[in-house]
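I have placed the structure first, in the form of structure tokens, so that the comments after it can refer back to it.
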Ligand SMILES: Cc1cc2nc3c(=O)[nH]c(=O)nc-3n(C[C@H](O)[C@H](O)[C@H](O)COP(=O)(O)OP(=O)(O)OC[C@H]3O[C@@H](n4cnc5c(N)ncnc54)[C@H](O)[C@@H]3O)c2cc1C
């Protein structure tokens, strides 16, 4: 059972090389810490690279009236007031500076006539606020952060997956993982750890998310004693591709609606008139997603069960300039020319508002030395995220997490790594090869995705959620007997067997929290409790580990100071 493994030591270990992880790494390096960044995929290929529409920051380059107060108000209203108000305040205040910094580091944004960063409209934002690079903003962001980080000297461990956090008493002490290519094990020792592993969308069958989104960071933190918060709030983006089947779920960026795209049903009716006559297509994502779903369910959907989204009233030149990826995506994947006719779109699982519960100032979890940022962390977005607020979240809280992690590393002694924990982590990884019987990880994953899609989806009720939880328990038992064939050399079935464990943990947390919240709010829609509930407006759901069991409790939503209350109440 004991196998030789390589070990590495850093002041700060960052798990994840998306926008949050890279921004954290840059900051920790700037504070003088030695930094290691581990990522499952290649550097530059993190999920952030897929971000399309833009970064929300109240720079007022296009709409002069915009300021942090309006951005704060929009974020709190979009999140239905379950947000951590302090995170929303920090985010609104610091985003413009983080975008300017990105520009200084070499990001080339689209420009206004007078040479400022151009900003576009997006759902739920009062003003034109999204700084963008056509519909390839994430690519420019990752390229810039990666260049900066490599230039500053981060140590990168790519195609390396972490499977367990190691602890020294109560504090975080390191991480255990494996190289995806060779299957060999690796141990990291670190004074501070930043979890920046992104979301959980691969637990659903229709999703815009990349293969990396298996909820690893949230599950690892949970297993290490960290609390998870607001796990019921899973965002279904209204516009994913619906046809052909092989591309179902791939995102159709909100920038299409931001640039004037119009939604209609099969009768040609602009149905958003009935759901949100004021904001129409630029209503918040939860409202538009439910509207499209309802139109299809009530028989007014398109041929393949979605809605039409049309931008062809704009000139072909404009569409190709502002939405180049969308143009190519539909041309190549669906044989549709979006400059000439409509796209077919429908809801797709997109973003996780819930995640690791952190402190607003430092991004530290309740486990000393364990920090979290980006989609893996909870708090900023409350019950529903506004488009563009994730990329600014990564910059603002990535930086804060990196700074606080470096500071923490200066203040503590080197932790000890417990050999028993490493042995246990090794045993867990090797077990699927050693079992006689058991099932393939692919079959179990398929069934989990169907379970989450059918019972823990866009509309929920008591019966479905209980059924979902029951199915998840059965899947857990099957996953405990999962069997892997072949060797440890690049073995995707083996990788998935481990990822399944994370997906089952986060899926259970989502279903449990969703069952408990007996109201509809933001992205959480209960058919059996269709309205807001005053009591629930004051509570966040908290998930924590109690031995082998998952415990659910509630914590009061933090009270907003009067001057901020005044801002959110203004018209
Ligand atoms: C198609 C699409 C378009 C989007 N467009 C926008 C937009 O325009 N504006 C906006 O604000 N938001 C957008 N979003 C959301 C936004 O892109 C994400 O929320 C954000 O990029 C998450 O960044 P992150 O740094 O938290 O994680 P990621 O960028 O996903 O990075 C996660 C990192 O963690 C690593 N990792 C995961 N698990 C492990 C493990 N076990 N061990 C080691 N490493 C691990 C991964 O390899 C990766 O490097 C979009 C999302 C999608 C899917």
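The values are calculated or read from the model by the stated rules, or taken from the named source; none is laboratory data. Everything quoted here is computed from the prediction, not taken from an experiment. As a convention, Cβ positions derive from the backbone with ideal geometry for all residues, glycine included, and neighbour counts pool all protein chains shown.
Listed values, structure above:
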| quantity | calculated |
| --- | --- |
| Flag for residue 552 being under 24 Å from the mean Cα position of the chain (by Cα), surrounded by 14 or more Cβ atoms within 10 Å (Cβ to Cβ) and in a strand (DSSP E or B) | yes |
| Flag for residue 479 being in contact with a strand residue (DSSP E or B) (Cβ under 8 Å, 6 or more places away or on another chain) and modelled with pLDDT of 95 or more | no |
| Count of segment 522-548 residues which are over 19 Å from the mean Cα position of the chain (by Cα) and part of a strand (DSSP E or B) | 7 |
| Those helices (runs of 4 or more DSSP H) lying entirely in segment 1-116 with at least 1 residues modelled with pLDDT of 95 or more and farther than 26 Å from residue 522 by Cβ | 19-30, 85-104 |
| Any hit, segment 361-369, residues being part of a loop (DSSP other than H, G, I, E, B), under 25 Å from residue 249 (Cβ atoms), in contact with a helix residue (DSSP H, G or I) (Cβ under 7 Å, 6 or more places away or on another chain) and at pLDDT 95 or above | no |
| Selection count, segment 382-419, where residues are away from the ligand (no atom under 11 Å from the Cβ), more than 19 Å from residue 224 (Cβ to Cβ) and buried (at least 24 other Cβ atoms within 10 Å of the Cβ) | 7 |
| Flag if residue 172 is away from the ligand (no atom under 14 Å from the Cβ), surrounded by 19 or more Cβ atoms within 10 Å (Cβ to Cβ) and at pLDDT 95 or above | yes |
| Residue 478 being crowded, with 17+ Cβ neighbours inside 10 Å and either assigned to a loop (DSSP other than H, G, I, E, B) or within 16 Å of the ligand (Cβ to nearest atom) (or both) | no |
| Strands (runs of 3 or more DSSP E) (entirely within segment 177-271) containing at least 1 residues that are buried (at least 23 other Cβ atoms within 10 Å of the Cβ) and within 12 Å of the ligand (Cβ to nearest atom) | 185-195, 234-241 |
| Test: residue 28 is touching a strand residue (DSSP E or B) at 6+ places or on another chain (Cβ under 8 Å), closer than 26 Å to residue 197 by Cβ and within 14 Å of the ligand (Cβ to nearest atom) | no |
| Subset of segment 331-381 that is away from the ligand (no atom under 15 Å from the Cβ) and at positive phi - its residue that is farthest from the chain's Cα centre (by Cα) | 335 |
| Residue that is at pLDDT below 95, surrounded by fewer than 23 Cβ atoms within 10 Å (Cβ to Cβ) and either farther than 30 Å from residue 285 by Cα or more than 29 Å from the chain's Cα centre (by Cα) (or both), where the choices are 427, 435 | 435 |
| Index of the failed condition, residue 456 passing every other in (1) under 28 Å from residue 208 (Cβ atoms); (2) surrounded by fewer than 20 Cβ atoms within 10 Å (Cβ to Cβ); (3) touching a residue at least 12 places away in the same chain (Cβ under 8 Å) | (2) |
| Segment 135-148: number of residues that are more than 11 Å from the ligand (Cβ to nearest atom) and either out of contact with any helix residue (DSSP H, G or I) (no Cβ under 9 Å at 6 or more places or on another chain) or at pLDDT below 95 (or both) | 1 |
| Matching entry among 476, 551 (being out of contact with any helix residue (DSSP H, G or I) (no Cβ under 9 Å at 6 or more places or on another chain) and more than 30 Å from residue 67 (Cα to Cα)) | 551 |
| Enumeration of residues in segment 481-504 that are closer than 17 Å to residue 202 by Cα and surrounded by fewer than 17 Cβ atoms within 10 Å (Cβ to Cβ) | 492, 493 |
| Leading residue by the ranking (surrounded by the most Cβ atoms within 10 Å (Cβ to Cβ)) among those in segment 308-330 that are part of a loop (DSSP other than H, G, I, E, B) and more than 16 Å from the ligand (Cβ to nearest atom) | 311 |
| Number of the condition not met by residue 283 [criteria: (1) touching a strand residue (DSSP E or B) at 6+ places or on another chain (Cβ under 6 Å); (2) buried (at least 16 other Cβ atoms within 10 Å of the Cβ)] | (1) |
| Residue list for segment 146-176, filter: outside any helix (DSSP H, G or I), in contact (Cβ under 8 Å) with a residue 40 or more places away in the chain and out of contact with any strand residue (DSSP E or B) (no Cβ under 9 Å at 6 or more places or on another chain) | 170 |
| Residue among 466, 423 that alone is more than 16 Å from the ligand (Cβ to nearest atom), touching a helix residue (DSSP H, G or I) at 6+ places or on another chain (Cβ under 9 Å) and in contact (Cβ under 8 Å) with a residue 12 or more places away in the chain | 466 |
| Residue list for segment 119-134, restricted to those being within 14 Å of the ligand (Cβ to nearest atom) and in contact with a strand residue (DSSP E or B) (Cβ under 7 Å, 6 or more places away or on another chain) | 119, 120, 122, 125, 129, 130, 131, 132 |
